[in-house]
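Only one structure is covered here, and it is reproduced in the block below.
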Amino acid sequence: MRENRKTLTIGGLAKAAGVHVETIRYYQRRGLLRVPERPVGGIRRYGRRDLERLGFVRAAQRLGFSLDEVAELLHLDDGLHCDEASALAERKLAEVRERIADLRRIERVLAERVRACRAREDNPDCPLIASLHGEGIGQRRE
């Protein structure tokens, strides 16, 4: 597709990007994608740059950036703000590492609860349910 030629309808853009039309409209309302002008009696058309920008938004989301952060990255996308973009990425990396640590803690606790459930033998109470009620594993409810 030639860069200056707008050849896609919103449906074609959605299909090319692998998203729903409503996703494109939502991104437009958020200011992440432009809304092309509608010619008199015509249909709005999108081009390669629109598809590339949509790809940028989706790639940033896959890396865990929120739409607000994506908007900030798009604002910094002029080649002059690499330090600011890097700082944003460093903050995101710290958040990801914190979530990974939280998930590891959750995994440990769940593994302990599963082991306790399997080893409960004559105890009629479920250790997992009891722990969620704030009781310790192995304590019986009265």
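The values are calculated or read from the model by the stated rules, or taken from the named source; none is laboratory data. Since the structure is predicted, the reported quantities are computational estimates derived from the model, not experimental observations. Methodologically, a virtual Cβ is constructed for each residue, glycine included, from the backbone with ideal geometry; neighbour enumeration extends over all protein chains shown.
Of note:
- Count - residues of the range 44-72 that are among the aliphatic types (A, V, I, L, M) and over 15 Å from the mean Cα position of the chain (by Cα): 1
Listed here are the residues, each with its yes/no results for (1) modelled with pLDDT under 95; (2) β-branched (Val, Ile, Thr); (3) out of contact with any helix residue (DSSP H, G or I) (no Cβ under 8 Å at 6 or more places or on another chain).
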residue: 3; (1), (2), (3): yes, no, no
residue: 29; (1), (2), (3): no, no, yes
residue: 39; (1), (2), (3): yes, no, yes
residue: 49; (1), (2), (3): yes, no, yes
residue: 54; (1), (2), (3): no, no, no
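- Evaluation of residue 130 against the conditions (1) surrounded by 12 or more Cβ atoms within 10 Å (Cβ to Cβ); (2) small (Gly, Ala, Ser); (3) closer than 30 Å to residue 12 by Cα shows that the sole unmet condition is (3).
- Any chance residue 111 is over 30 Å from residue 52 (Cβ atoms), among the hydrophobic types (A, V, I, L, M, F, W, C) and either in contact (Cβ under 8 Å) with a residue 12 or more places away in the chain or out of contact with any helix residue (DSSP H, G or I) (no Cβ under 9 Å at 6 or more places or on another chain) (or both): yes
- Failed criterion for residue 97 (all others in (1) in a loop (DSSP other than H, G, I, E, B); (2) modelled with pLDDT of 95 or more hold): (1)
- Within the range 42-64, restricting attention to residues that are of a type in the set (D, E, K, R) and under 20 Å from residue 85 (Cβ atoms), the residue that is surrounded by the fewest Cβ atoms within 10 Å (Cβ to Cβ) is 62.
- Residues that are surrounded by 12 or more Cβ atoms within 10 Å (Cβ to Cβ), of a type outside the set (A, V, I, L, M) and assigned to a helix (DSSP H, G or I) within the range 17-41 comprise 23, 25, 26, 27, 28, 30, listed in sequence order.
- Residues that are of a type outside the set (Asp, Glu), closer than 23 Å to residue 49 by Cβ and either assigned to a loop (DSSP other than H, G, I, E, B) or in contact with a helix residue (DSSP H, G or I) (Cβ under 8 Å, 6 or more places away or on another chain) (or both), drawn from the range 62-81: 63, 65, 67, 70, 71, 73, 74, 76, 79, 80, 81
- When residues of the range 105-142 are limited to those that are part of a loop (DSSP other than H, G, I, E, B) and of a type in the set (A, V, I, L, M), the one modelled with the highest pLDDT: 119
- Selection status of residue 49, basic (Lys, Arg), touching a residue at least 24 places away in the same chain (Cβ under 8 Å) and in a helix (DSSP H, G or I): yes
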